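What follows is a single structure, written as structure tokens, with notes after it.
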Amino acid sequence: MLTSPKVFNYPIPGNPTGGILHIYGEPAASQDVILYCGGFPDGLEPISDLAERLATTRDGQDRGCYVGVTCYPGFDNKSFNEQKYAGFKKSGFTFDEVTCCVRDAADLLFEEHEKSVSSSKDECTTRFTLMTHDWGAIIGHLFINRAIEEPRFTQHKPDRLIMLDVLLRPHPNSNYREVLSGIEIYKPTRRDHLLSLSYRTAFAVSFAALKYITETVGLIVLAILHTVVFIILKLNPLQDFDGEHSKECLKDLKHFLYMMYPYYHMFKEMFKGSESVFADATLPLDLKETPILYIYGAKKNVMFHDYRSVALLEREERERLSESRVVGLENSGHWMYCQEPEVCESEIRKFLNGGEASSADRQSRL
């Protein structure tokens, strides 16, 4: 049974308490600190089981991890329904704003950790891991690259990244073209591109109707486009396997509509070309310095990753160039951490241990 996390608020643009951080686990002087940020259409609850698992002390460990969970501003159902547009911008939040919000959540997470261990006689040695899912991946990529390029941006640069089901392109200054030149990489088909573009366009247009006209019109547009794209044309990027999770999100259509603002801002950024914030939404340049664990579910109609990045991380693992790894779960979909939480926990602990299985995992295989 899940335990109740400690709940904290932090400021977001236009709202001094609009950001929400749930903290799982007990702080210790020597510990892995993890901050998670999800994406559409998730608030704080879907990841709670995995967060508690990671925060739990296992055999062979002094302590579990210290885990913080946050989300895009306005994605938490309870706070959104309490405050509506008085607390959250009707236009949604830009990717730069969300990146700064996640930075502030990280500051709060470490502040709470340091409060509890400051009196300890042991030397405080923590490693910071940023974990993301869906639209959170954009923020993860932006956060790490900005932390590397602008040291004053944050006091807490992630030591490693865990990306769940979404992975963006390689860093443009890396030599990925050269090292991948002899490797056969899957090229997305026209249908893959159509699947990716159709639902994103539908969500972006629906949110635009909310922003520029009214919420009622936005809901009507969403109903029409949902019928055309998902039911008539059958252009659903997900399979029925993920259907139960999706149905939960449809219980509150007004909130579901508002959570589409990243799609709207995505198209706005794309029209900026080279000046877009997406120019910095890439893998970090040095994967040895900042290794990445990428876990994805294979039961989808289209993958949400850049195949060049997957090939690059697989090469890193194969040739032991860094601790980066790729784990594909054949029996999971987009929400693999809900569908196979034990496997995800095991792979994450292995990654945090530098590639070695934990004592508990080793004993379970005897």
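Of note:
- To put it simply, the accessible area of the range 227-366 at a 1.4 Å probe is 50 percent carbon and sulfur.
- Here the translational diffusion coefficient of the range 63-139 follows from Stokes-Einstein with Rh set to the Kirkwood radius across Cα pairs; for 20 °C and 1.002 mPa s it amounts to 146 µm²/s.
- Take every pair of alpha-carbon atoms less than 8 Å apart whose residues are at least six positions apart; their mean separation over the length of the chain yields a relative contact order of 19 percent.
- With protein chains left intact and a 1.4 Å probe, residues in the chain average 46 Å² of accessible area per residue.
- Report note on the peptides 125-134, 82-91: ranked by the mean count of other C-beta atoms within 10 Å, highest first, their order is 125-134, 82-91.
- Over the range 55-185, equivalent-ellipsoid semi-axes from the Cα gyration tensor in Å: 28, 25, 15
- Karplus-based coupling profile of the range 339-349, in residue order and whole Hz: 7, 9, x, 5, 5, 4, 4, 4, 5, 5, 5, with θ = phi - 60° in 6.51 cos²θ - 1.76 cosθ + 1.60 and x standing for Gly or Pro.
- Centre-to-centre, using Cα atoms only, the range 43-99 and the range 166-185 are separated by 31 Å.
- Coupling constants for the range 242-249 follow from the phi torsions by the Karplus curve (6.51 cos²θ - 1.76 cosθ + 1.60, θ = phi - 60°), and in residue order they are 8, x, 4, 5, 5, 4, 4, 5 Hz; glycine and proline get x.
- The string of couplings for the range 166-177 from the Karplus curve (6.51, -1.76, 1.60, θ = phi - 60°) is 9, 9, 8, 6, x, 5, x, 8, 7, 9, 4, 5 Hz, one whole number per residue in order, with x for Gly and Pro.
- Sorting the segments 170-176, 100-106, 299-305 by their residues' average number of neighbouring beta-carbon atoms within 10 angstrom, most packed first, yields 100-106, 299-305, 170-176.
- Percent accessible area from carbon and sulfur atoms, the range 1-135, protein chains only, probe 1.4 Å: 48 percent
- With viscosity 1.567 mPa s and temperature 4 °C, the Kirkwood radius over alpha carbon pairs of the range 143-298 converts through Stokes-Einstein to a diffusion coefficient of 70 µm²/s.
- The chain: projected area of the alpha-carbon convex hull, averaged over directions, in nm²: 19.1 nm²
- Pairs of Cα atoms nearer than 8 Å and 6+ residues apart set the relative contact order; for the range 220-301 it is 40 percent.
- Spatial offset of the range 130-164 relative to the range 247-297 amounts to 12 Å, using the alpha carbon center of each.
- With the convex hull drawn over the C-alpha atoms of the range 215-261, the volume per residue is 77 Å³.
- Considering only alpha-carbon pairs that sit under 8 angstrom and 6 or more positions apart, the relative contact order computed for the range 21-113 is 35 percent.
- Mean residue ellipticity, 222 nm, helices only, the chain: the sum of -39500 (n - 2.57) across DSSP H runs of n ≥ 4, divided by residue count and rounded to 500, is -12500 deg cm²/dmol.
- The loop-placed GluC sites (Glu not before Pro) in the range 257-349, going by DSSP, that have at most 14 neighbouring Cβ atoms within 10 Å of their Cβ come out as GLU289, GLU319, GLU330.
- Alpha-carbon radius of gyration plus Dmax, which is the widest Cα pair, for the range 219-305 in Å: 16.8, 49
The values are calculated or read from the model by the stated rules, or taken from the named source; none is laboratory data. Please read these numbers as outputs of a predicted model, since none were measured by experiment. Ideal geometry is used to build each Cβ from the backbone, glycine not excepted, and the neighbour counts take in all protein chains shown. Please note that ligands, DNA and RNA were not included when accessible areas were found on the heavy atoms of the full protein model with its side chains. Shrake-Rupley method; radii C 1.70, N 1.55, O 1.52, S 1.80 Å.
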